[in-house]
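Worksheet: the structure to be examined is printed underneath.
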Protein chains: 2
Amino acid sequence: MANPTTAITPTRSENYSEWYQQVVRAADLAENSAVRGCMVIKPWGYAIWENMQRVLDGMFKETGHKNAYFPLFIPVSFLEKEAAHVDGFAKECAVVTHHRLEVGPDGKLIPAGELEEPLVVRPTSETIIGATYAKWVQSYRDLPILINQWANVVRWEMRTRLFLRTTEFLWQEGHTAHATREEAVEETMKMLKVYAAFAEGWMAMPVLQGSKTDGERFPGAVDTYCIEAMMQDRRALQAGTSHFLGQNFAKASEIQFLDAQGVQQFAWTTSWGVSTRLVGAMIMAHSDDDGLILPPKLAPAHVVIIPVAHKPEDVAAVHVWTRSLAEDLRKQSFDGRPVQVELDLRDMRGGDKAWSWIKKGVPVRIEVGPRDIAAESVFMARRDRPHKEKSAVKRSDFVDGIAALLQEIQDGIFAKAQAFQAEHTKTIDTLEEFNEYFTAPSVAENIPTPIHGGFAFAHFCGDAKVEADVKERLGVTIRCIPIDDNPESGKCVITGLPSARRVVWAKAY
Amino acid sequence: MANPTTAITPTRSENYSEWYQQVVRAADLAENSAVRGCMVIKPWGYAIWENMQRVLDGMFKETGHKNAYFPLFIPVSFLEKEAAHVDGFAKECAVVTHHRLEVGPDGKLIPAGELEEPLVVRPTSETIIGATYAKWVQSYRDLPILINQWANVVRWEMRTRLFLRTTEFLWQEGHTAHATREEAVEETMKMLKVYAAFAEGWMAMPVLQGSKTDGERFPGAVDTYCIEAMMQDRRALQAGTSHFLGQNFAKASEIQFLDAQGVQQFAWTTSWGVSTRLVGAMIMAHSDDDGLILPPKLAPAHVVIIPVAHKPEDVAAVHVWTRSLAEDLRKQSFDGRPVQVELDLRDMRGGDKAWSWIKKGVPVRIEVGPRDIAAESVFMARRDRPHKEKSAVKRSDFVDGIAALLQEIQDGIFAKAQAFQAEHTKTIDTLEEFNEYFTAPSVAENIPTPIHGGFAFAHFCGDAKVEADVKERLGVTIRCIPIDDNPESGKCVITGLPSARRVVWAKAY
């Protein structure tokens, strides 16, 4: 790249949406496939997802869950059992109608072997898992069931965007069944906290926690809880949901048990999930105009070492020295696993190498040439600092301090995102200010074209029609009703009617 | 269970096939779902698969591969590109023809939104991955591509059996592209060796390695290599395949590159896979008439501790002591990870608990009561020994020796399977003996109804018609042509015609 001003074109402030696509491309994370709406997740993108899976899977197991696997296909009659659920998903289902192909009259393959009952490719698995739990549960002794599944799901989307909204995506879905309402509510909240802890502690992405309004609830749920994060264009992104399903799906699937008193009861169920959308969220929360910025705890590589030997006679010595440096670093541990090191021995200009790793978001870059070796030092750059900012560090200090450095970068990325969210969150009490907040362009440096204010904490009377009007008029929705045991009451910012609590309004992905 | 002679009914010798189903059920590994041919993998079964994934994934990464993810759906036109491939898979494809459901005249949901081109749920991904590689590869510098995918696949099966043959199954599929034939052949053989090492070193299952005859080859491959294991009914089970695809798929998908001389070339590709079928293979290779026997390296739990306190006043002390024992064991390491311990505190009779873990195949069971605590010892039983054989061991000796004990059990299971295979493998040179070997019942103790001899090493003239005749007449197929650089020539055991080498004949799953 010949002296670019920024590695990514356009920049965030020029065109945020296109900037996102270019960051994904420049970091080699994913691409559109030949199949409508389905993406190919490339090795660097998939490695980020693998790291997310590893950490989340550990958290699920810590909280008593086990993994299992349920069928990809759902008979249409199963979907029909829960009225709200089928309304929510019927419009976007991939439907399997045949079980073989045969050669048609024009020599082309055509579907054959029509199924008696069509099958839907799972958009989510409440119904098929519910049918299974109904067989497993007889007595209160069979409860709770605490199971998670890692799987692919399909929701036929018309407008797709890599990671954020794709027809097929990868996710986990927890499905639990309990003997009491209290226990199911507790589970719902526990998993919401797990998601929040993951988002903040690993993704370095501050989130708001709360419940959804009636209009934004999961089809079939009694209550949907969510974590919501702010992207750099100040829009909200729902990053995870935890649903209290009441007895809705238990009744639809007949999950019944004899309680300790010998009385037949319906179970109480929950479900909760996060998806590859988190990769998109993480990209949009932290990256800059030079490309991806990864929080070290989820980075596929923590450190990249670039040997720099201009003279042929130096190559061997530089390679030996950098190999031994890589080995020393791998003996260090960060966040419970060995420090991940890439040693870049590709036959390519050093500057091009450095830029490729900048765009891939590796937290720490090291350049090593003969002079560094002579001085027993390395030349270090951090991805969270401007790319020209480099400094010489003693090799031994660098190796000994690598875990602390990575933690410092992790904390810094989180603090920056927190400050950004705080800066663009406002308590609003008048309709005039509310309207202005979501329409007036403001000016700020180094952030995307500011088209609106961000998050607004404002009172809401609870009328679904008012909510729909605001969405129609301003493109603003209620992202969540914050969890707060002693909310301050007031007057609805839109209608002036009494309101029990403030809610969070924002434009959203 | 009231004094059972064996925990599993029927036994292997009574009805091997039904015994298998009952072992799967008794160990709570999997069950049939409401969706035709699709199974539910329950937590204990899935935990075995997770262990297999963890080890294999490490081996793939060690050999230079990275994970990625490609679409679930394949346009029918992609399948059509490779003639042999489409012939092999068109008869068993789940076909997606619509992308939503709507309410029909009778109030039932019916498929709507017909797709312009039907999509097939991937039965394997050569074609969709090939289309992607074609975009990635321009120059020899872009090669090799070494990628693996963990995924679900669907092949519409008419007769299914849990783990062994299901419509949907989980697997990994490696897909690599290379600049030269030699490199692709080397990759094919390297991954065959990885599978063999995994089967023998982790699954404790001895395997034969070889290539397939024309009739048994993967549709579209130039050469298919396989590992074949012997089950306890002496039938062969194909446990993994590695395909050298030549330039067939590169030509079908147009994976082309400019070589170092500037000449346009087609790439050479390979693919290789193992599936949840391995779980079925492991069950059938080792288990006995009391249920599952797991090689320790893949067991979800290595040790189960059963506290035995008949008097209420002993309960607290026994629980404290067993908890501390569990902690001490978890500090020990086996096969690179902490020893996995289950502490069974369920409110249930000790005998029932013990039987439940016997049937689940946990390698080591420990019972601890007040007298054991007083003696600072534990009462130990091994799953690879008769269930009544128990012995008192000093607690400290047990803890210090746990890794060695688990390795001893692992080695013992492997040695037993090796001896079984050797006992039921024969070099055969006459047609009379060949016919007798595969038809005559023989007698042996503690093995399933012996309906045939096992594996036969016999010469084969290479005529596909002869092979088909033997399959028709005896139900016997050529499992593999063993890899042997200096094979001994001879005369075909069927036709007497010249034969370059012996092949392995067997009845198979």
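Can you say whether residue B:386 is part of a loop (DSSP other than H, G, I, E, B) and closer than 21 Å to residue B:51 by Cα, as far as the supplied structure shows? The answer is no for residue B:386.
If I filter region B:408-419 for residues that are more than 30 Å from residue B:305 (Cβ to Cβ), surrounded by fewer than 19 Cβ atoms within 10 Å (Cβ to Cβ) and among the charged types (D, E, K, R), do I get at least one hit? No: zero hits.
Looking only at residues in region B:66-86 that are of a type outside the set (A, V, I, L, M) and facing chain A (nearest Cβ under 7 Å), the one that is surrounded by the most Cβ atoms within 10 Å (Cβ to Cβ) is B:71.
Among the conditions (1) more than 22 Å from residue A:5 (Cβ to Cβ); (2) touching a Lys or Arg at 6+ places or on another chain (Cβ under 6 Å), the only one that residue A:381 does not satisfy is (1).
Within region B:365-381, residues that are assigned by TED's automatic domain parsing to the domain that holds residue B:341 and more than 14 Å from residue B:342 (Cβ to Cβ) have Cβ atoms under 6 Å from residues that are among the charged types (D, E, K, R) and part of a strand (DSSP E or B) in these pairs: B:377/B:394; B:379/B:367; B:379/B:390; B:381/B:365; B:381/B:390, counting only partners at least 6 apart in sequence or on another chain.
Matching residues to (1) part of a loop (DSSP other than H, G, I, E, B); (2) among the hydrophobic types (A, V, I, L, M, F, W, C); (3) not assigned by TED's automatic domain parsing to the domain that holds residue B:438:
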site: B:457; (1), (2), (3): no, yes, no
site: B:462; (1), (2), (3): yes, no, no
site: B:466; (1), (2), (3): no, yes, no
site: B:473; (1), (2), (3): no, no, no
site: B:480; (1), (2), (3): no, yes, no
site: B:486; (1), (2), (3): yes, no, no
site: B:495; (1), (2), (3): yes, no, no
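Search region A:145-185 for residues being over 13 Å from residue A:275 (Cβ atoms) and of a type in the set (Lys, Arg), and hand back the single one that is farthest from the other protein chains (Cβ to nearest Cβ). Only one residue fits best here, namely A:181. Reported count of residues in region A:159-177, each being without any contact (Cβ under 8 Å) to a residue 24 or more places away in the chain and either among the hydrophobic types (A, V, I, L, M, F, W, C) or touching a Leu at 6+ places or on another chain (Cβ under 8 Å) (or both), is 0. With respect to being over 25 Å from the mean Cα position of the chain (by Cα), surrounded by 23 or more Cβ atoms within 10 Å (Cβ to Cβ), under 24 Å from residue B:174 (Cβ atoms) and in contact (Cβ under 8 Å) with a residue 24 or more places away in the chain, residue B:119 fits the description.
Considering only residues of region B:214-227 that are under 29 Å from residue B:414 (Cβ atoms) and not aliphatic (A, V, I, L, M), which is surrounded by the most Cβ atoms within 10 Å (Cβ to Cβ)?
For region B:214-227, the residue satisfying everything is B:225.
Evaluation of residue B:89 against the conditions (1) of a type outside the set (Val, Ile, Thr); (2) without any contact (Cβ under 8 Å) to a residue 60 or more places away in the chain; (3) farther than 30 Å from residue A:44 by Cβ; (4) more than 8 Å from chain A (Cβ to nearest Cβ) shows that the sole unmet condition is (2). One residue stands out in region A:36-65 among those that are free of Cβ contacts under 8 Å to residues at least 24 places away in the same chain and more than 16 Å from the chain's Cα centre (by Cα): the one that is farthest from the other protein chains (Cβ to nearest Cβ), namely A:62.
Take the conditions facing chain B (nearest Cβ under 7 Å), of a type in the set (A, V, I, L, M, F, W, C) and more than 38 Å from the chain's Cα centre (by Cα) and apply them to residue A:101. Does it pass? Taking the combined requirement at face value, the residue does not satisfy it.
Restricting attention to region A:317-365, the residues being assigned to a helix (DSSP H, G or I) and either in contact with a helix residue (DSSP H, G or I) (Cβ under 8 Å, 6 or more places away or on another chain) or not hydrophobic (A, V, I, L, M, F, W, C) (or both) number 19. Regarding residue A:63, is this residue polar (S, T, N, Q) and closer than 30 Å to residue B:132 by Cα? It is false that residue A:63 is polar (S, T, N, Q) and closer than 30 Å to residue B:132 by Cα. Of everything in region A:256-269 that is of a type in the set (A, V, I, L, M, F, W, C) and in a loop (DSSP other than H, G, I, E, B), the residue that is modelled with the lowest pLDDT is A:260. Taken as a whole, the condition of being surrounded by 21 or more Cβ atoms within 10 Å (Cβ to Cβ) and under 21 Å from the mean Cα position of the chain (by Cα) applies to residue A:167.
Condition check ((1) crowded, with 21+ Cβ neighbours inside 10 Å; (2) under 23 Å from residue B:75 (Cβ atoms); (3) touching a Leu at 6+ places or on another chain (Cβ under 7 Å)) across all residues:
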position	(1), (2), (3)
B:114	no, yes, no
B:128	yes, yes, no
B:132	yes, yes, no
B:136	no, yes, no
B:142	no, no, no
B:179	no, no, yes
B:197	no, no, no
B:202	yes, no, yes
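The values are calculated or read from the model by the stated rules, or taken from the named source; none is laboratory data. What you see is a predicted model, and the numbers here were worked out from it, not measured in a lab. Here the Cβ is made from the backbone with ideal geometry for all residues, glycine too, and neighbour counts use every protein chain on show.
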